[in-house]
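Notes for the one structure printed next.
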C-alpha cells in the first residue's frame, strides 16, 4: 500500500538540519558536549526562527537513543524533565508542529533513515547542518551529503564538540574534504538559498 | 555522539514483523483491503501473543502516511478514533510496550529504514512476515529480506490483499522467487525458530 | 579522493536497462529461461539500436555470477564461448563502447550497486526495463525504481521468464503494484522520452 | 535469476581493504598524494603478502574514475602505462587472481557498492583499512564500517594523505570517533585476526 498522502508541507531548495539536539546528554562526554553546546542554542534558535520566516523547512534528525519506538514525544518529555541535565539546552530548541522529525539509529543522518527521500520530496539540494557534535554526527552527515551531491553549509556557531580543537579541526576537515561551506549563521541569506 | 543505550530488549533468531497494521485505510482500495484484512486480525493477534510467550520480538513496520513526524502515538490515536473505518482491525493489533516500532516511508520495510540494523542487534536471521498487503509491502519486503540472506516465513492467514487472487498469486510468487516458506500460522513452531 | 572525471557520456530523461543478458545460463531453470529468452533477443537488439540513435543511454546491469572481480570482459568471453548454451542469445546483445555496465550482486539492479547514482548523473527519471527474468530481477528492479520515484516502462516483448504464465503474471503485477507501464517495444517513442 | 555460484573463495573474520591504489593520480592534489603515497607501497605490499599467507582475503575497493564500465583490466592497464605518473606505485600493488575487486563510485567503500554483502559472505567482522587518502576515502570508510558494527584497524604506514598533518589528524580522528585501532602494520597479528 502506498498512500496518496505522501506530500510534504514545503518546497525549498535548502533545508535546515538539527542533529541530536533533543538530547539527554547521558553518555560518555555528555557533560563536556553540553557545556560547549549551551552556547550554540541561542544562535541556532535564531537561525531556526529565520528559517521559518523564509519558508525553509527544519528537519530534526535525532538519535533514537536505543529505544526503537519512534516515539518523539516521549523522548522530548524525557529530555525536558526538570532534573534533565540538558533541560536549558533542549527547551530552546523544541520542534514546532511544522517541523519534520526523523530518528536515526547511528551517527550519520542518512544511514538507515528516510532523510534522502524527504529531501527529494522537499526539492532540497542544499543542507544547512547544525547541532551535535561537529566531529561526529555533523562530520559523518556532511560526507554522506557530499556523496549524494548535496551542497553542505555549516554555520560554525550552531554546532559544537567536546573541545574547541575538535570543533575547529572538524570544520576545517569538512570544508576541505566534504566540500562544505563553513560560515557564521548571521551571514546566511536564507531567502536566496530557499530559491 | 553514539550512546551506550544501543541495546535491544530481546535476543532471538527470528522476529515477527507486522506491516502496515496501524492503518487508517484512507487510500484507494482501502475499503477492499480492510474488508479482507479483518479476517487476519484474530489469527495475527494470536500469533503475536504466542510470539511474546516464546520470547520472539515483535516489530511493527508501518507507513508514516506522509507525516514525517516519527509520532507513533498520534498515528495510533488517529487510527483508533471511534469513527475510524479500521477501528475494529487496529484495536486487535495494538503495539505493546515491549514491541519495536519502525516507520517506513515507502513499500518495503527495509527501504530507508533501520530495520536491517535492528535485526542485526536482535540477532535475527529469520523473519515472519504478516500484515498488509500481501502483493505490495509483504512481497517487496520478502524480496528485500531474501537479498539480505534472511529466511522469510509468511503465514498465509496473517496477511491479506485486495482480492483473493492477488493474495494467492503473491504467496505463490514469494515462495517461488524470494525463497519464502508459506505456512499456516498455527503450524509455526516459535520456540524452535527462536533458537 | 574524488576525481574530476565523474562525468557521464549522456544526458537523457530516460535510460534503457538490460538486466542479466550477459548470461551463461548455468543455473537451475537456465535452460527454460534461455528457451523463452531467445525470442526477446531480436526485438531487444532493435530497441537498443533505436535507443542509440535517439541518444538514450543503455545500461547493462548484470549479475556478477559470484566472481567479485569487476571483470566485464572476462564474463563476456565466457558467455560467448563456442560451446556456451547462450551464445546465440548473448551475441545479439553485446555491449558497445558507449554503453554503461554495472555489476549487481543480487536480484534488484539497485541493491548494493551504483545504479541510483548513475541515473542521477544521466538525469534520467524514467527507466525502460528489459532482460531476464520478468518475475525475478525485472520485478524486483521495478519495485525498487518505483520506491525511488522513477517511472518504469516494461516492453513485454523484451523480457522473459521460465513460463508464459509467470511472465504475464509478473507484467500484470508490476503494472498494478509498481506503477509500471507495460507496452510493446515498437510502440515506445524514444525521442519523446529522451526529452 | 540468482545463481548457485554465489560462493566466495575465503572464510575469514578479517579482510584487508586496499582503497584507491589502482590510481592514475590525474586529479587535483594527485601529485602530492602520489609523492607521499610512494612510501606506503612497500609496507602495504608486504602486508598483502602476509595476508595471503595467513588466508586473509584482500579486497580492492577502487574508484571507477567516472568510467562506469566495470572493466578492471582496462583501468589497470591505463595506470600501468610506461608514462603513467603512478606506475611505480601501482606496479607494487597489483591485484592477484585470488583477490576481490569492487568498484566504488564515490569516497566511501560502502556507498552504493556490494562491499557489505561481500564481507558477510566472507564472514568478516573486522577490516584492515589501507590505501589513499587517509583523510578522505579511508576516513569515510572507517565511519561507514563503524556504523555497521565492523571493527576497524588502520595500519598508519599503509595509508597516506596530501600532507603529514592531514594524515595524522585523520588517524587521530578515526581512532577517537570511529573506534578504529591505529597500529603499525608489522604489529598486526593476521593469524589471530583471521580466527
>> Of the residues A:54, A:84, only one is more than 11 Å from chain B (Cβ to nearest Cβ), at pLDDT 95 or above and in contact with a helix residue (DSSP H, G or I) (Cβ under 6 Å, 6 or more places away or on another chain); which?
In response: A:54
> Taking the range B:162-179, which residues are in contact with a strand residue (DSSP E or B) (Cβ under 8 Å, 6 or more places away or on another chain) and either closer than 19 Å to residue B:46 by Cβ or not in a helix (DSSP H, G or I) (or both)?
Replying inline: B:178, B:179
> Which of the residues belonging to the range D:172-190 are over 22 Å from residue D:106 (Cβ atoms) and within 14 Å of another protein chain (Cβ to nearest Cβ)?
Replying inline: D:172, D:175, D:176, D:179
>> If I ask for residues that are in contact (Cβ under 8 Å) with a residue 12 or more places away in the chain, outside any loop (DSSP other than H, G, I, E, B) and either surrounded by fewer than 20 Cβ atoms within 10 Å (Cβ to Cβ) or touching a strand residue (DSSP E or B) at 6+ places or on another chain (Cβ under 6 Å) (or both), which ones from the range A:79-89 would you list?
In response: A:88
> Which of the residues belonging to the range D:155-195 are closer than 30 Å to residue B:119 by Cβ and in contact with a helix residue (DSSP H, G or I) (Cβ under 6 Å, 6 or more places away or on another chain)?
Replying inline: D:174, D:177, D:178, D:179, D:180, D:194
> Which residue out of B:109, B:54, B:96 is touching a residue at least 40 places away in the same chain (Cβ under 8 Å) and farther than 28 Å from residue A:106 by Cα?
Replying inline: B:54
>> in contact (Cβ under 8 Å) with a residue 60 or more places away in the chain, touching a strand residue (DSSP E or B) at 6+ places or on another chain (Cβ under 6 Å) and at the interface with chain B (Cβ under 9 Å from one of its Cβ atoms): is that true of residue A:158 in this structure?
In response: no
> Looking only at the range D:90-128, which residues are at the interface with chain C (Cβ under 10 Å from one of its Cβ atoms), surrounded by fewer than 23 Cβ atoms within 10 Å (Cβ to Cβ) and assigned to a helix (DSSP H, G or I)?
Replying inline: D:116, D:117, D:118, D:121, D:122
> Which of the following residues is within 18 Å of residue A:60 (Cα to Cα) and in contact with a strand residue (DSSP E or B) (Cβ under 9 Å, 6 or more places away or on another chain): A:152, A:182?
Replying inline: A:152
>> Return the residues of the range A:22-36 that are touching a strand residue (DSSP E or B) at 6+ places or on another chain (Cβ under 7 Å) and away from every other protein chain (no Cβ under 11 Å); say none if nothing qualifies.
In response: A:36
>> Among the listed residues C:140, C:158, identify the single one that is crowded, with 24+ Cβ neighbours inside 10 Å, over 25 Å from residue C:192 (Cα atoms), under 13 Å from the mean Cα position of the chain (by Cα) and at pLDDT 95 or above.
In response: C:140
>> All but one of (1) more than 10 Å from every other protein chain (Cβ to nearest Cβ); (2) surrounded by fewer than 24 Cβ atoms within 10 Å (Cβ to Cβ); (3) not in a helix (DSSP H, G or I) hold for residue A:39; state the number of the condition that does not hold.
In response: (3)
> Just one of the numbered conditions (1) more than 14 Å from residue D:24 (Cβ to Cβ); (2) out of contact with any strand residue (DSSP E or B) (no Cβ under 6 Å at 6 or more places or on another chain) is not true of residue D:101; which one?
Replying inline: (2)
>> Going residue by residue through the range D:9-19, is there one that turns out to be on the phi > 0 side of the Ramachandran plot and either under 18 Å from the mean Cα position of the chain (by Cα) or not in a helix (DSSP H, G or I) (or both)?
In response: no
> Which condition number does residue D:148 fail, the rest of (1) within 14 Å of chain C (Cβ to nearest Cβ); (2) closer than 24 Å to residue D:192 by Cα; (3) within 16 Å of the chain's Cα centre (by Cα) being met?
Replying inline: (3)
>> I need a count of the residues in the range C:54-78 that are in a loop (DSSP other than H, G, I, E, B) and under 30 Å from residue C:125 (Cβ atoms).
In response: 5
> Can residue B:63 be described as within 11 Å of chain A (Cβ to nearest Cβ) and surrounded by fewer than 19 Cβ atoms within 10 Å (Cβ to Cβ)?
Replying inline: no
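The values are calculated or read from the model by the stated rules, or taken from the named source; none is laboratory data. The shown structure was predicted, so the numbers you read here are calculated from the model rather than taken from an experiment. Every residue, glycine as well, gets a Cβ built from its backbone with ideal geometry; the counts of neighbours run over all protein chains shown.
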